[in-house]
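The values are calculated or read from the model by the stated rules, or taken from the named source; none is laboratory data. Remember, it's a predicted structure, so these values are computed and weren't measured experimentally. Cβ: placed from backbone, ideal geometry, glycine included. Neighbour counts: every protein chain shown. Surface accessibility is based on the protein's heavy atoms, side chains included, excluding ligands, DNA and RNA. Shrake-Rupley method; radii C 1.70, N 1.55, O 1.52, S 1.80 Å.
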Amino acid sequence: MLYNTLGKTNLEVSRLGFGTMRLPTKANNGDIYKEESAKMLSYAIENGVNLIDTAYSYHSKNLGDNGESENFVGEFLSENSLREEVLLQTKSPSWLMEDFRDFDRYLDEQLEKLQTDYIDIYLLHSLTVPEWYKVKDLNVLDFLDDCLSSGKVKHVGFSSHIEVDYLIEILDEYPKWEVCLTQMNYLDEYYQSGAMGLNYLRQINVGSEIMEPLRGGRLVQNIPSEVNALWNQAEIERTPIQWAFQYLWNRNDVDCVLSGMTSFEQVKENIEIASKLDEISDNDLELIREVARTYRTFIGNDCSRCGYCMPCPHGVDIINCFAEYNIAHMMGNPKASAMQYFYLIDDDSRADSCIGCEECLPFCTQMLDIPEELRKVHDYFGEEFNHY
Ligand code: SF4
Ligand code: SF4
């Protein structure tokens, strides 16, 4: 494993972090498949991964609510006496805060779930602009001062999908930010805070962590033949996953890339890639940008499959509706995707079950107008369905 210094925290962090938002789950009830997840985490830690990332709401059964991931991580670290071996990062559910006392109440609940008396890195989770103003009005910065001085938290930061101007505004308001988690991959250099945000983090020496390195799997699954043809022109042969990770690790403004791993094979493959120095040349960079330009011609919508909008209280399977829609655009085979759409997604969970209540909107990390996008999905596959 290779390591970087995480900005002004001075922590030595593995350049691959283990995200626990997509652990394997049981088919019958969606509970975390603990044995397999424990095997994955054990292997990762044995092979040098030292940052474990979770959040209050990961693996939650209700939209944005208390999830199972923290409990699992806490249990795993405690049972295996590994708490001191790793940097534990979790996130405060900013959207649930209504009162100053809530910050402390949720932090204490998280410490209990995680079976620890301190958190290495505590992030305000997925800050949007309105939420930032809301938590600021609730005096979140006083709360952060308090948890740093009490020792319950060692380092503070935030995660966000906002534009660069807002990112800088938040960063400039509090000199004690030490870590920031933003979205980046070679498709997103100019999306959200993108490359400019990373550049600013480096300037002020705030540790940079990356989410969505594979764009919700888009960069490694169902790859259009036009993209494969471009990769085949490369001077050095790499798999799509190697291209995606090495693009990030070759940037001098990325400290740690979080990957939400779902299978043991993924953990092994990611660790193998993270353990190898692999220099991206100027020609490689040019090729990567050509691939990004090509990908953009195939995009249906920007859903990254993060799952933050799920579960829809009205049963719409938002992620898979968008997945089939995007695969149809990528592969240029709408009929095949329409068959999958009607075969895999239940009647009550397809796009036309959306009642437009907009409850999911504040949770979308890609700022999609979800009901509007679902209407497009319905129109798109509705047409195709007429052929069957
Ligand atoms: S707008 Fe549609 S998809 Fe979103 S929560 Fe309401 S019913 Fe579900
Ligand atoms: S619709 Fe938005 S919140 Fe839902 S999975 Fe896609 S990107 Fe994530």
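Search the stretch 113-131 for residues being under 24 Å from Val206 (Cα atoms) and modelled with pLDDT of 95 or more, and hand back the single one that is surrounded by the fewest Cβ atoms within 10 Å (Cβ to Cβ). Steps first, please.
To start, the set of residues in the stretch 113-131 that are under 24 Å from Val206 (Cα atoms) comprises 118-131.
After this cut, where a residue has to be modelled with pLDDT of 95 or more as well, the list is 118-125.
On the way: Tyr118: 15, Ile119: 24, Asp120: 22, Ile121: 25, Tyr122: 25, Leu123: 26, Leu124: 24, His125: 23.
Taking the candidates together, the pick is Tyr118.
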*Tally time: how many residues in the stretch 289-321 are at pLDDT below 90, more than 15 Å from ligand 2 (Cβ to nearest atom) and of a type in the set (Lys, Arg)?*
1
*Name the residues in the stretch 189-204 that are crowded, with 24+ Cβ neighbours inside 10 Å and modelled with pLDDT of 95 or more, would you?*
Gly197, Leu198, Leu201
*asked:* Consider the stretch 144-190. How many of its residues are hydroxyl-bearing (Ser, Thr, Tyr) and touching a Lys or Arg at 6+ places or on another chain (Cβ under 7 Å)?
replied: 1
_For the list (1) within 30 Å of Gly332 (Cα to Cα); (2) of a type outside the set (S, T, N, Q); (3) in contact (Cβ under 8 Å) with a residue 40 or more places away in the chain, I need the number of the one condition that Arg251 fails._
(1)
*Could you figure out which of (1) open to solvent by 50 Å² or more (accessible area, probe 1.4 Å); (2) free of Cβ contacts under 8 Å to residues at least 60 places away in the same chain; (3) within 19 Å of Pro213 (Cα to Cα) isn't true of Arg22?*
(2)
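I need a count of the residues in the stretch 147-160 that are of a type outside the set (Val, Ile, Thr), closer than 19 Å to Leu258 by Cβ and open to solvent by less than 10 Å² (accessible area, probe 1.4 Å).
4
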*Does the stretch 166-188 hold any residues that are open to solvent by 20 Å² or more (accessible area, probe 1.4 Å) and within 20 Å of the chain's Cα centre (by Cα), and which are they?*
Tyr166, Glu178
*Based on what the data block shows, is Gln110 over 30 Å from Pro240 (Cβ atoms), touching a strand residue (DSSP E or B) at 6+ places or on another chain (Cβ under 8 Å) and buried (at least 20 other Cβ atoms within 10 Å of the Cβ)?*
yes
*Return the pairs, sorted by first residue and then second, in which the second residue is open to solvent by less than 60 Å² (accessible area, probe 1.4 Å) and near ligand 1 (Cβ under 6 Å from one of its atoms), the first residue lies in the stretch 352-366 and is without any contact (Cβ under 8 Å) to a residue 60 or more places away in the chain and in the same structural domain as Ser126 (by TED's automatic domain parsing), the beta carbons are less than 9 Å apart, and the residues are 6+ apart or on different chains.*
none
_Residue among Glu212, Glu226 that is closer than 21 Å to Leu167 by Cβ, modelled with pLDDT under 95 and in the same structural domain as Lys8 (by TED's automatic domain parsing)_ = Glu212
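Just to be sure, is Glu286 within 15 Å of ligand 2 (Cβ to nearest atom), open to solvent by 30 Å² or more (accessible area, probe 1.4 Å) and over 27 Å from Leu23 (Cα atoms)?
no
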*Among what's in the stretch 224-244 and is touching a residue at least 40 places away in the same chain (Cβ under 8 Å) and surrounded by 15 or more Cβ atoms within 10 Å (Cβ to Cβ), pick the residue that is nearest to Cys306 (Cα to Cα).*
Ala244
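I want to confirm something. Restricting to the stretch 34-49 and keeping residues that are crowded, with 21+ Cβ neighbours inside 10 Å and without any contact (Cβ under 8 Å) to a residue 40 or more places away in the chain, which single residue is farthest from Gly17 (Cα to Cα)?
Selected residue: Ser37.
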*With (1) away from ligand 2 (no atom under 16 Å from the Cβ); (2) open to solvent by 70 Å² or more (accessible area, probe 1.4 Å); (3) modelled with pLDDT of 95 or more as the list, and Ser259 as the residue in question, which single condition is left unmet?*
(2)
*Which condition breaks for Glu324 when tested against (1) in contact with a Phe, Trp or Tyr (Cβ under 8 Å, 6 or more places away or on another chain); (2) in contact (Cβ under 8 Å) with a residue 40 or more places away in the chain; (3) more than 15 Å from ligand 2 (Cβ to nearest atom)?*
(3)
_Among the residues of the stretch 277-296, are any in contact (Cβ under 8 Å) with a residue 40 or more places away in the chain and more than 21 Å from Glu237 (Cβ to Cβ)?_
yes
